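The values are calculated or read from the model by the stated rules, or taken from the named source; none is laboratory data. This one's a predicted model, so the numbers in the text were calculated from it and none came from an experiment. Note that we place each Cβ from the backbone using ideal geometry, even for glycine, and neighbour counts take in every protein chain shown. Accessible surface areas use protein heavy atoms only, side chains included; no ligands, DNA or RNA. Shrake-Rupley method; radii C 1.70, N 1.55, O 1.52, S 1.80 Å.
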There are 2 protein chains.
Amino acid sequence: MASSDEKPDDSDTGLGRPGARRKPKITINDIARMAGVSKKTVSRVINDAATVKASTRDKIKALIKEYDFSPDPQARALAFRRSFLVAMIYDNPSPQYIVNMQRGILDALAGSSCQLVIRPCDRNAPDFYDMISEFIEQQRLFGAVLPPSVSEDDHIAEMLREADCPYVRIASVELDEPHRMIRTREAHGAAEAARHLARLGHRRIAHIRGPESFRSSHERLRGFQDGLSEFGLHLKDDDIVFGGYTYETGYECARLLLAKPERPTAIFAGNDEMALGVYKAAREIGLTVPADISVVGFDDTPIASRIAPYLTTVHSPIRDIGYLAGKLLVEGPKGAKGGLTSITPELVVRESTAAPAF
Amino acid sequence: MASSDEKPDDSDTGLGRPGARRKPKITINDIARMAGVSKKTVSRVINDAATVKASTRDKIKALIKEYDFSPDPQARALAFRRSFLVAMIYDNPSPQYIVNMQRGILDALAGSSCQLVIRPCDRNAPDFYDMISEFIEQQRLFGAVLPPSVSEDDHIAEMLREADCPYVRIASVELDEPHRMIRTREAHGAAEAARHLARLGHRRIAHIRGPESFRSSHERLRGFQDGLSEFGLHLKDDDIVFGGYTYETGYECARLLLAKPERPTAIFAGNDEMALGVYKAAREIGLTVPADISVVGFDDTPIASRIAPYLTTVHSPIRDIGYLAGKLLVEGPKGAKGGLTSITPELVVRESTAAPAF
DNA sequence: CTGAAAGCGCTTACAG
DNA sequence: CTGAAAGCGCTTACAG
């Protein structure tokens, strides 16, 4: 067998630069030969298999370290019938959310042999399920993490199960088995926002909620109502308007709300984007935040702490959530810090809320 | 050979759910058998190899379509000695930038068999080069795209060349062979900003530049100076201060600038983040934008069109840049729309600039 | 224009 | 505790 150390120059495939001479990559066979064992035994130590004699294991580990060997992911994947790819599949439009979650997952993947593959998608595309399905079948993923709102899609979850692909869904409600979920207790943060406004003395309060199709928008509304009711307050039907989680819809909704004869003294927006729209609407009709109108957001995006006045909002530790999700995939249910699979967003009080003027 | 259509139940590897029955995946062998040819011939049509008889090709293509067959990426990767992974390696901290570029690359990868793997990194980490090097050696990437400032690191580029990995560097200056570069003509946008301010009548103008270590910060400064000089204006040394491309540094620099006896009437910030810091500094000392001080940013992040007053800034089509980079990798130099490998950012005039008050 | 053989670098299933 | 054989699903190198 011609497993010589030197490859002839014409082994170049044409994909590379002519004359580029790859240093011959060391393989499991080389390690095995040097250790005087079979490659199967080397494979065992690579995969932390149960039973290898300590001395053999040590010798092999030393060799692996000395030659800086690490097994080829492609070959492993082929033999394992499973790639070393973790996919993040998402439709969330917020860059900050996406980037933070990617970081969190990556934090958890560091040191594992997995890489993070990203897959943004559009749930409204006609071929949405076909695309995702093809992707899942093809890649034989090591795992997938699904933030909202894809996480809320039971069909996707089923495709994943069908393909035998582990996954973690991130959502504000329990919509799958616990070991496949990270629960974000958004109702809690929303309730805090309600209490904060109630304590400041607000009585006429409005809410711009997110779309019907997002579970989070229900949870935020529910939590907010719960918090208010502790103070004997409640949201009247026409003090709840539907926004689309965007700047523009936040603006439009606020215009409606602020034009009412009995104008609210505080508005809780379903997310920061919409809260910024409220700022704009207030400005336009000469209202000052927070003197004339208090505003609370949700998410704590970077804009919240850069705009004037700084926005009071509910902070979700997205990166931590991503980390937990990644750990759950890489280490299994016991991996995620003692089985912690829920996260509680907290209110951050800044400048956009004050006692009502009247 | 027991390549039966039915796999026994105990073929389950333990990685999956017990009893989970994977539908037997169709392989190149199945297609070959059904087409009555060798698998090598099927391989040829998969890879668009030159010479396959038209009728044979058609028959195979029909079969592929009928059975919705697509070759296993892991197996292909192993045989090709090259994975189907395109990596985006970056240290840019701006979420909007990152997300847009990811989208652009993904746009270009759609339809290819490549997936996008992301690799954020910290150039200041002690093991920075080791990490990247290991990553590159291990993954046998199909290609890599490097936005600033990793793109400016010649050592990384060399590691990539060494590993025979195609790459595209995105930068404001020509720092590699043309087919390995997307050039962003940032000096052009900065010059436009200068002309805009000069035409408004500003004479006392300051610039908060980015860090020495970013090529872009030099280019933006240079372009700005060029634009000013067309009007016989120039930046005095102490009207140029060093920021760090962050909100905080923008604020600090603006405080210095605005405290000067001869206060500037306009400030060109090296990016939007710093421009927001200028807003804050101005607000603090009772200055109104743009009545008392005009502000221009660079990047056109989403905040620019959400904050009051809307920020005049230079828009870079990041997603387009990512698309070009992706195309360059997937289709080679001729792939990127007729060899277009440069992008020109343009000024977007909004509300933060006006004629000086004096 | 097409195929048989060998191989990519690992792991599984089975023995011992 | 360890190994020889077969195989994962493709492609390369070589023939014809």
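Going through (1) under 18 Å from A:GLY297 (Cβ atoms); (2) surrounded by fewer than 21 Cβ atoms within 10 Å (Cβ to Cβ); (3) of a type in the set (Val, Ile, Thr) one by one, A:ILE285 falls short only on (1). Only residues that are over 28 Å from A:ARG140 (Cα atoms) and polar (S, T, N, Q): list them for region A:37-60, please. Residues satisfying the conditions are A:SER38, A:THR51, A:SER55, A:THR56.
Looking only at region A:148-163, residues that are open to solvent by 20 Å² or more (accessible area, probe 1.4 Å) and farther than 25 Å from A:TYR245 by Cα come to 4 in all. Only a single item in (1) in contact (Cβ under 8 Å) with a residue 40 or more places away in the chain; (2) among the small types (Gly, Ala, Ser); (3) surrounded by 22 or more Cβ atoms within 10 Å (Cβ to Cβ) is not met by A:GLY201, and it is number (3).
Entry remark, region B:124-147: residues being open to solvent by 20 Å² or more (accessible area, probe 1.4 Å) and in contact with a Ser or Thr (Cβ under 7 Å, 6 or more places away or on another chain) number 3 in total.
Pick from A:ASP10, A:ASP5, A:ASP48: which is modelled with pLDDT under 90, over 38 Å from the mean Cα position of the chain (by Cα) and in a loop (DSSP other than H, G, I, E, B)? After applying the criteria, what remains is A:ASP5. Tallying residues that are under 27 Å from the mean Cα position of the chain (by Cα) and farther than 15 Å from A:VAL295 by Cα within region A:222-240 yields 5. Which one of the conditions (1) in a helix (DSSP H, G or I); (2) at pLDDT below 90; (3) away from DNA strand D (no atom under 16 Å from the Cβ); (4) basic (Lys, Arg) does A:LYS23 fail to meet, given that it meets all the rest? Going through the list (1) in a helix (DSSP H, G or I); (2) at pLDDT below 90; (3) away from DNA strand D (no atom under 16 Å from the Cβ); (4) basic (Lys, Arg), A:LYS23 breaks only (1). Entry remark, region B:56-78: residues being within 9 Å of chain A (Cβ to nearest Cβ) and surrounded by fewer than 16 Cβ atoms within 10 Å (Cβ to Cβ) number 3 in total. The set of residues from region B:108-152 being over 24 Å from B:PRO317 (Cβ atoms) and more than 13 Å from every other protein chain (Cβ to nearest Cβ) comprises B:ARG123, B:ASN124, B:PRO126, B:PHE128, B:TYR129, B:ILE132.
Within region A:231-286, the residues that satisfy the criterion of being within 14 Å of another protein chain (Cβ to nearest Cβ) and among the aliphatic types (A, V, I, L, M) are A:ALA254, A:ALA269, A:MET274, A:ALA275, A:LEU276, A:VAL278, A:ALA281, A:ALA282, A:ILE285. Put simply, of B:SER305, B:SER342 the only residue that is within 12 Å of chain A (Cβ to nearest Cβ) and surrounded by fewer than 21 Cβ atoms within 10 Å (Cβ to Cβ) is B:SER305. Taken over region A:89-102, residues that are more than 9 Å from chain B (Cβ to nearest Cβ) and either among the hydroxyl-bearing types (Ser, Thr, Tyr) or open to solvent by less than 10 Å² (accessible area, probe 1.4 Å) (or both) amount to 3.
Candidates B:ALA171, B:ALA194: the one that is more than 14 Å from chain A (Cβ to nearest Cβ), open to solvent by less than 10 Å² (accessible area, probe 1.4 Å) and touching a Gly at 6+ places or on another chain (Cβ under 6 Å) is B:ALA194.
Screening region B:61-161 for strands (runs of 3 or more DSSP E) wholly inside it with 3 or more residues that are within 16 Å of DNA strand C (Cβ to nearest atom) and under 21 Å from A:ARG140 (Cβ atoms) returns no ranges. When A:HIS179 is tested against (1) within 23 Å of the chain's Cα centre (by Cα); (2) surrounded by 19 or more Cβ atoms within 10 Å (Cβ to Cβ), exactly one condition is not met: (2). Taking the criterion of being in contact (Cβ under 8 Å) with a residue 24 or more places away in the chain, open to solvent by 40 Å² or more (accessible area, probe 1.4 Å) and closer than 15 Å to A:ARG283 by Cα, the residues of region A:234-258 that qualify are A:GLU248, A:GLU252, A:ARG255.
When restricted to residues that are more than 7 Å from DNA strand C (Cβ to nearest atom) and surrounded by 13 or more Cβ atoms within 10 Å (Cβ to Cβ), region B:40-55 contains 4. When B:ASP58 is tested against (1) under 24 Å from A:ASP127 (Cβ atoms); (2) within 16 Å of DNA strand C (Cβ to nearest atom), just one condition goes unmet, and that condition is (1).
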